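Here is the structure we will look at, set down as structure tokens.
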Amino acid sequence: EINEAIAIQKEVVKENIRNLESYKKLGKMYGKIGETGMRAFVNGEQLTVDVPPVIKEGRTLIPFRAISESLDAT
């Protein structure tokens with residue numbers, strides 16, 4: 001049931017990408033199944049990255065290639 005709820009919440013995120021509460025709710029759902037850590041989203045889609053995002057000296061670092069590819073940049 002929780003996996004179905006996560007799928008539904010992902011759709012909610014896609015429909016209103018500026019609603020931060022929907023991202024927070026999705027994060028809590030992941031926590032319920034034991035998945036922790038940061039996730040990165042571009043236009044409501046979760047990025048698939050080789051190296052997970054990290055916070056270093058107050059800045060969030062995400063592999064640029066993942067972001068650029070999700071935006072169809074070359």
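Candidates are the residues of segment 18-37 that are among the charged types (D, E, K, R) and touching a residue at least 12 places away in the same chain (Cβ under 8 Å); the one that is nearest to A7 (Cα to Cα) is K25. Looking across segment 11-24 at every residue that is surrounded by 15 or more Cβ atoms within 10 Å (Cβ to Cβ) and not aromatic (F, W, Y), the one that is farthest from the chain's Cα centre (by Cα) is identified as V12.
Is it the case, given these coordinates, that G34 is on the phi > 0 side of the Ramachandran plot, at pLDDT 90 or above and surrounded by 13 or more Cβ atoms within 10 Å (Cβ to Cβ)? So G34 fails the test. I'd like to know if segment 38-59 contains one or more residues that are part of a helix (DSSP H, G or I) and under 20 Å from A5 (Cα atoms). No, there is no match, as no residue in segment 38-59 is part of a helix (DSSP H, G or I) and under 20 Å from A5 (Cα atoms).
The values are calculated or read from the model by the stated rules, or taken from the named source; none is laboratory data. Small disclaimer: the values here were computed from a predicted structure and weren't measured. Please note: Cβ atoms are built from the backbone with ideal geometry, for glycine as well, and neighbour counts cover all protein chains shown.
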